[in-house]
1. Would you mind stating whether Ser29 is assigned to a helix (DSSP H, G or I), in contact with a helix residue (DSSP H, G or I) (Cβ under 6 Å, 6 or more places away or on another chain) and more than 30 Å from Glu130 (Cα to Cα)?
2. If I ask for residues that are surrounded by 13 or more Cβ atoms within 10 Å (Cβ to Cβ) and either of a type outside the set (S, T, N, Q) or touching a strand residue (DSSP E or B) at 6+ places or on another chain (Cβ under 8 Å) (or both), which ones from region 60-76 would you list?
3. Being charged (D, E, K, R), more than 21 Å from Asn68 (Cβ to Cβ) and part of a loop (DSSP other than H, G, I, E, B) is the filter here; which residues of region 81-134 pass it?
4. What are the residues in region 141-160 that are among the hydrophobic types (A, V, I, L, M, F, W, C) and surrounded by 11 or more Cβ atoms within 10 Å (Cβ to Cβ), if any?
5. Condition first: in a loop (DSSP other than H, G, I, E, B) and farther than 27 Å from Glu62 by Cβ. Now tell me which residues in region 138-160 satisfy that.
6. How many residues does region 21-59 hold that are over 30 Å from Lys109 (Cα atoms), surrounded by 12 or more Cβ atoms within 10 Å (Cβ to Cβ) and free of Cβ contacts under 8 Å to residues at least 12 places away in the same chain?
7. Tell me, which residue of region 99-137 that is surrounded by fewer than 19 Cβ atoms within 10 Å (Cβ to Cβ) and of a type in the set (Val, Ile, Thr) is farthest from Leu58 (Cα to Cα)?
8. Out of all the residues in region 17-46, which are of a type outside the set (Lys, Arg) and farther than 27 Å from Lys81 by Cα?
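Laboratory data are not the source of any read-out in this text; all were calculated from the coordinates shown. Every value quoted in this text rests on a predicted model; they were computed, and no experiment measured them. As a convention, Cβ positions derive from the backbone with ideal geometry for all residues, glycine included, and neighbour counts pool all protein chains shown.
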Amino acid sequence: MKAVSVKEIKTALNHCSHDEVIELCLRLSKFKKENKELLTYLLFESENEENFINSVKLEIDEQFELINTKTYYFIKKSVRKILRNIKKYIRYSKLPETEISLLLYFCFKLKNFKPSIHRNTVLLNIYERELATTKKKVILLHEDLQYDYGLEIEKLASSL
């Protein structure tokens, strides 16, 4: 089965009744965990972005606590998984402030992680790449936010 374009889906949804749209959303939420997470964000958490950011930060903390530190192989796999989850939450929000805040928090946690990421090239490259991505995103924000986030970025970059 070939998927139709978003425009065609939008047109078809315009012809559906309110109850039919609700039923379609509920069916969609049953198929993938990500669909359910996105609907949860849109319905309950998008109103208060600060709470959403804090809940994701708590989840990041928990994931960093669960990392198996026996070898750098396991650390790399776990760090990539954490970053993949962060990127998923960023896609839900679509706000640049949320993206920057979460990526800076990830960089902060990774920089302070024990054993040190300085002993592993891959982990150091992940850290530097996310910090560079964050720098590029900050340029798009308002001047006041640029200054505030710029200070955080410089603090993270200077202590390498």
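1. Details: assigned to a helix (DSSP H, G or I): yes; in contact with a helix residue (DSSP H, G or I) (Cβ under 6 Å, 6 or more places away or on another chain): yes; more than 30 Å from Glu130 (Cα to Cα): yes.
So Ser29 fits the description; yes.
2. Within region 60-76, Ile60, Phe64, Ile67, Tyr72, Ile75, Lys76 meet the criteria.
3. At the first step, the residues of region 81-134 found to be charged (D, E, K, R) are 81, 84, 87-88, 91, 94, 97, 99, 109, 111, 114, 119, 128-130.
In the following step, the residues that additionally are more than 21 Å from Asn68 (Cβ to Cβ) were identified as 87-88, 91, 94, 97, 99, 128-130.
Answer for region 81-134, where residues must be charged (D, E, K, R), more than 21 Å from Asn68 (Cβ to Cβ) and part of a loop (DSSP other than H, G, I, E, B): just Lys94.
4. First, the residues of region 141-160 that are among the hydrophobic types (A, V, I, L, M, F, W, C): 141, 145, 151, 153, 156-157, 160.
Leu141, Leu145, Ile153, Leu156, Ala157, Leu160 - these are the residues of region 141-160 that are among the hydrophobic types (A, V, I, L, M, F, W, C) and surrounded by 11 or more Cβ atoms within 10 Å (Cβ to Cβ).
5. To start, the set of residues in region 138-160 that are in a loop (DSSP other than H, G, I, E, B) comprises 139-142, 159-160.
Passing the criteria: Ile139, Leu140, Leu141, His142.
6. Let us first name the residues in region 21-59 that are over 30 Å from Lys109 (Cα atoms), namely 21-31.
Then keep just the ones that are surrounded by 12 or more Cβ atoms within 10 Å (Cβ to Cβ); that gives 21, 23-25, 28-29.
Right, trim to free of Cβ contacts under 8 Å to residues at least 12 places away in the same chain and you get 21, 23-24, 28-29.
Adding up the residues that qualify gives 5.
7. Filtering first and then ranking leaves Thr121.
8. Initial filter on region 17-46 (of a type outside the set (Lys, Arg)): 17-26, 28-29, 31, 34-35, 37-46.
Hits for region 17-46 are Ser17, His18, Asp19, Glu20, Val21, Ile22, Glu23, Leu24, Cys25, Leu26.
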